[in-house]
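**Q** What follows is a structure written as structure tokens; I'll ask about it next.
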Amino acid sequence: MAQKSNKRYGAWIIVGVILVGLAGFGTGGLSGNIRSIGTVGDKEVSVTSYQRALNQQIRALSNQFGQQLSFQQAQAFGVDQMALSQVVLLRTLDNEADNLGISVGDERVLQQLQATPSFQGGGGFNRETYRMILQQTGQTAAEYEAGLREEAARTLLQGAVVSGVPTPDAYADAMVQYIGEGRSVTWATVGADDLTAPVPGPTPEDIQTYYDENPDAFTAPETRNITYVWLTPSMIVDQMTVSDAAVAALYDDRIADYVQPERRLVERLVYLDQERATAAKARIDAGEATFEDLVAERGLSLSDIDLGDVSVEDLGAAGEAAFAAEPGDVVGPFNATTGPALFRVNAVLAATETPLDDAAPLLREELAMEAAREYINDQANGMIDLIAGGASMQDLAARTEMELGTIDWTEEVTDGIAAYDNFRDQAALVREGDFPELFDLSDGGIFALNLDGITPPTLRPLEDVREDVATAWQDQRQLQAIVEQAEAIAADILPLTGFDTLGLEPKIEEGLTRRSFVEGTPPDFNDAIFGMEVGEVQVLDAEDRAIIVRLDDIIAPDLTDENVQAQRDALGENAAAGIAQDIFDAYATRLSQDTEQSLNQATINAVNAQFQ
């Protein structure tokens, strides 16, 4: 069957030839005489540096999206401006390094060349390899080495700007104290079963008030009114004819699934030599050790030596003995690929055979479904032609085997055709007046759709949602009663009061940090306990229940612990690096403002055009 794409073919096929010329640049792109896109200070910004930066930005953005983006797609995210800013900033720094007299010698450049893996040969740095690689990238040795020299100078300049930034010890101390501090709490749940009286139902006035105060809860979402046609394999599978020969052939192809020989569940314990394996087997035979004891002595677990279900051929020399053994028996030692080993049989999996007559119904159904998918695929081109000829959804249903339907679709609707992800995607995207297209469904079916109109979000009449309003009011009033009950109990809790003395089932949590998760508590549980004083009691709303929590202790982090010290040092280093980066960014921004720039937008546009 031909491979189908998610989206079939556009109904209109437009064939044309567009000739575009870049006046002044020739058919080969940029003229060989144009080597820069402008100047920054006394430094030229080369065309090749901008091209490389643009390539890098497009490649990085494509990696984020997991697919290759076109230049137009990448340009929508501003990659051309990011690339331009990047090369201009580098040349600004190069210009400033020159003005300050910062440079590096030939020896430093040579060391960097010799350390570059791409330029290495069998005996180290290879000048011929170096020359060839530069030739492939369109650079001369002088240009490349000048770039290395400027890069080294930029590094020295940056180091000079940010050197001396101290590690913010006070910040690191405060952060490690904040992150490492712990809490010990006692908490319990109060639910509907703890109420002393049932919550009365709502009056008509209560229902009306709740409805008026909570319109969003009873507003129908935007509804997209759609007419569609579709055809799936299951709609026509009964019309497909499958021969007995085809069923038998598929059965033969999958005979291993239907005829399986007897197998065993086996574990294998391997030893370094035959003598040790024999001694281990003797200990089992004498009752001095169990198989589990031998496994533990080797520092292994049973999962480490489990072979799963195996055939007699899989076990090689041990196969005959293992298949003659009973479950629980240990046989061996026998030579395995990894050395002499003992084998324990855990279970016998009897041979199984599913006759052709028993397997035939499912195989026939599978072949029929595949035939239906092939049929739909073959018919698709004819349906595309009908759409291109202006056929409506009703025309398609009348002239093909596609079925007509309508749906008032929202994101909450997942029945019928809306059970397919691709239909939901297209239902969300289609606009009024769009020309119909044919799309694929995940099961091999196809569909087309039209948007007839959009019904905006609408408040449902009270009479249609009265029961829902009453339920929502009841839930709210019950939670209010539960919270009130919990607050009454909490008022009697002191720092040393046992929760059980008040009819609660206490849970004690020790050493909770801000990153801890306590099952059964609401999302704001940690925020609450880390804002409490020792001995303080709070009641927290937990949707359909309430939580009573008491803070029993605040545990300071152990600043002498090696892990805490390492965390403190890392926090300090990260903060210092961030401060240094901020300083350098401010320096670079001011430097850019003070450095004259002259960029040729026409040349930049021409470079961009080459990427399109």
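**Q** Among what's in region 238-275 and is aromatic (Phe, Trp, Tyr) and closer than 28 Å to PRO355 by Cα, pick the residue that is surrounded by the fewest Cβ atoms within 10 Å (Cβ to Cβ). Outline the logic, then answer.
**A** So in region 238-275, the residues aromatic (Phe, Trp, Tyr) come out as 251, 258, 271.
Filter once more, keeping what is closer than 28 Å to PRO355 by Cα: 251, 258.
Values: TYR251: 19, TYR258: 16.
Going through the qualifying residues, I end up with TYR258.
**Q** Which one of these does ALA448 not meet: (1) more than 30 Å from THR219 (Cα to Cα); (2) at pLDDT 95 or above?
**A** Exception for ALA448: condition (1).
**Q** Go through (1) out of contact with any strand residue (DSSP E or B) (no Cβ under 8 Å at 6 or more places or on another chain); (2) surrounded by fewer than 18 Cβ atoms within 10 Å (Cβ to Cβ); (3) under 20 Å from TYR587 (Cβ atoms) for ASP98 and report which single condition fails.
**A** Failed condition: (1).
**Q** From the set of residues in region 417-450 that are in contact (Cβ under 8 Å) with a residue 60 or more places away in the chain, assigned to a loop (DSSP other than H, G, I, E, B) and under 32 Å from the mean Cα position of the chain (by Cα), which is surrounded by the most Cβ atoms within 10 Å (Cβ to Cβ)?
**A** In the first step, residues of region 417-450 are kept if they are in contact (Cβ under 8 Å) with a residue 60 or more places away in the chain; the result is 417, 422-423, 427-428, 430, 435-441, 443-450.
In the following step, the residues that additionally are assigned to a loop (DSSP other than H, G, I, E, B) were identified as 430, 435-438, 441, 443-445.
If we keep only those that are under 32 Å from the mean Cα position of the chain (by Cα) too, we end up with 430, 437-438, 441, 443-445.
On the way: VAL430: 18, GLU437: 18, LEU438: 21, LEU441: 21, ASP443: 13, GLY444: 20, GLY445: 23.
Filtering region 417-450 for residues that are in contact (Cβ under 8 Å) with a residue 60 or more places away in the chain, assigned to a loop (DSSP other than H, G, I, E, B) and under 32 Å from the mean Cα position of the chain (by Cα), the one surrounded by the most Cβ atoms within 10 Å (Cβ to Cβ) comes out as GLY445.
**Q** Could you list all residues from region 564-586 that are farther than 25 Å from THR155 by Cα and either exposed (fewer than 12 other Cβ atoms within 10 Å of the Cβ) or among the aromatic types (Phe, Trp, Tyr) (or both)?
**A** Once the filter is applied, which keeps residues that are farther than 25 Å from THR155 by Cα and either exposed (fewer than 12 other Cβ atoms within 10 Å of the Cβ) or among the aromatic types (Phe, Trp, Tyr) (or both), region 564-586 yields only ALA566.
**Q** Sticking with this structure for a sec: Only one of these conditions is not met by THR501: (1) in contact (Cβ under 8 Å) with a residue 24 or more places away in the chain; (2) more than 10 Å from VAL185 (Cα to Cα); (3) not hydrophobic (A, V, I, L, M, F, W, C). Which number is it?
**A** It is condition (1) that THR501 fails.
**Q** Let me ask something else about it. Tell me which residues, restricted to region 114-131, are surrounded by 12 or more Cβ atoms within 10 Å (Cβ to Cβ) and either farther than 15 Å from LEU148 by Cα or in contact (Cβ under 8 Å) with a residue 24 or more places away in the chain (or both).
**A** First, pick out the residues of region 114-131 that are surrounded by 12 or more Cβ atoms within 10 Å (Cβ to Cβ): 114, 116, 119-120, 125-126, 129-131.
Residues satisfying the conditions are GLN120, PHE125, ASN126, THR129, ARG131.
**Q** May I pose another question? So GLY453 ticks every box in (1) in a helix (DSSP H, G or I); (2) within 30 Å of ASP212 (Cβ to Cβ) but one. Which box is left unticked?
**A** It fails just one condition, (1).
**Q** For PHE530, are the conditions met, namely being surrounded by fewer than 18 Cβ atoms within 10 Å (Cβ to Cβ), farther than 28 Å from TYR211 by Cα and among the aromatic types (Phe, Trp, Tyr)? Working first, answer last.
**A** Working: surrounded by fewer than 18 Cβ atoms within 10 Å (Cβ to Cβ): yes; farther than 28 Å from TYR211 by Cα: yes; among the aromatic types (Phe, Trp, Tyr): yes.
Yes: the conditions hold for PHE530.
**Q** Mind listing whichever residues of region 548-563 are in contact with an Asp or Glu (Cβ under 8 Å, 6 or more places away or on another chain), under 16 Å from VAL518 (Cβ atoms) and buried (at least 17 other Cβ atoms within 10 Å of the Cβ)?
**A** ARG550, LEU551
**Q** Which residue out of ARG276, ARG224 is in a strand (DSSP E or B) and either free of Cβ contacts under 8 Å to residues at least 12 places away in the same chain or of a type in the set (D, E, K, R) (or both)?
**A** Details: ARG276 fails: in a strand (DSSP E or B).
Within the list ARG276, ARG224, the selection yields ARG224.
**Q** Any idea which residue in region 276-316 is surrounded by the most Cβ atoms within 10 Å (Cβ to Cβ), counting only those that are within 16 Å of VAL331 (Cα to Cα) and basic (Lys, Arg)?
**A** LYS281
**Q** State which residue is surrounded by the fewest Cβ atoms within 10 Å (Cβ to Cβ) when the search covers only region 456-485 and only residues that are part of a loop (DSSP other than H, G, I, E, B) and touching a Ser or Thr at 6+ places or on another chain (Cβ under 8 Å).
**A** The residue in question is PRO457.
**Q** Within region 141-166, track down each residue that is β-branched (Val, Ile, Thr) and buried (at least 16 other Cβ atoms within 10 Å of the Cβ). Full working, then the answer.
**A** If we filter region 141-166 for residues that are β-branched (Val, Ile, Thr), which is where we start, we get 155, 161-162, 165.
Correct list: VAL161, VAL162, VAL165.
**Q** Still on this model: When you scan region 495-612 for helices (runs of 4 or more DSSP H) that lie fully inside it, which ones turn up with 2 or more residues that are modelled with pLDDT under 90 and small (Gly, Ala, Ser)? Don't jump to the end; show me each part of the working.
**A** Values: elements: 525-529, 562-594, 601-610.
In region 495-612, the matching helices (runs of 4 or more DSSP H) lie at 562-594, 601-610.
**Q** Which condition from (1) more than 30 Å from ILE255 (Cα to Cα); (2) under 41 Å from the mean Cα position of the chain (by Cα); (3) of a type in the set (D, E, K, R) is the one that GLU374 breaks?
**A** Among (1) more than 30 Å from ILE255 (Cα to Cα); (2) under 41 Å from the mean Cα position of the chain (by Cα); (3) of a type in the set (D, E, K, R), the lone unmet condition for GLU374 is (1).
**Q** Moving on. Could you check, for region 170-178, whether at least one of its residues is surrounded by 14 or more Cβ atoms within 10 Å (Cβ to Cβ) and more than 30 Å from ALA556 (Cβ to Cβ)?
**A** Within region 170-178, the subset surrounded by 14 or more Cβ atoms within 10 Å (Cβ to Cβ) is 171-173, 175-177.
Okay, now just the ones that are also more than 30 Å from ALA556 (Cβ to Cβ), so none.
No, region 170-178 contains no residue that is surrounded by 14 or more Cβ atoms within 10 Å (Cβ to Cβ) and more than 30 Å from ALA556 (Cβ to Cβ).
Per-residue answers, yes or no, for (1) out of contact with any helix residue (DSSP H, G or I) (no Cβ under 6 Å at 6 or more places or on another chain); (2) closer than 30 Å to THR92 by Cα; (3) of a type in the set (Val, Ile, Thr); (4) assigned to a helix (DSSP H, G or I):
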| residue | (1), (2), (3), (4) |
| --- | --- |
| TYR171 | no, no, no, yes |
| ALA174 | yes, no, no, yes |
| SER184 | yes, no, no, no |
| ALA197 | yes, no, no, no |
| PRO200 | yes, no, no, no |
| ASP206 | no, no, no, yes |
| ASP216 | yes, no, no, yes |
| VAL229 | no, no, yes, no |
| ASP238 | yes, no, no, yes |
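**Q** Inside region 250-273, can you point out the residues that are in a helix (DSSP H, G or I), charged (D, E, K, R) and at pLDDT 90 or above? First the steps, then the outcome.
**A** Step one: filter region 250-273 for residues in a helix (DSSP H, G or I), giving 250-253, 255-258.
Imposing the further condition that a residue be charged (D, E, K, R) reduces the set to 252-253, 257.
Passing the criteria: ASP252, ASP253.
The values are calculated or read from the model by the stated rules, or taken from the named source; none is laboratory data. Keep in mind it's a predicted model, so treat the numbers as computed, not measured. Please note: Cβ atoms are built from the backbone with ideal geometry, for glycine as well, and neighbour counts cover all protein chains shown.
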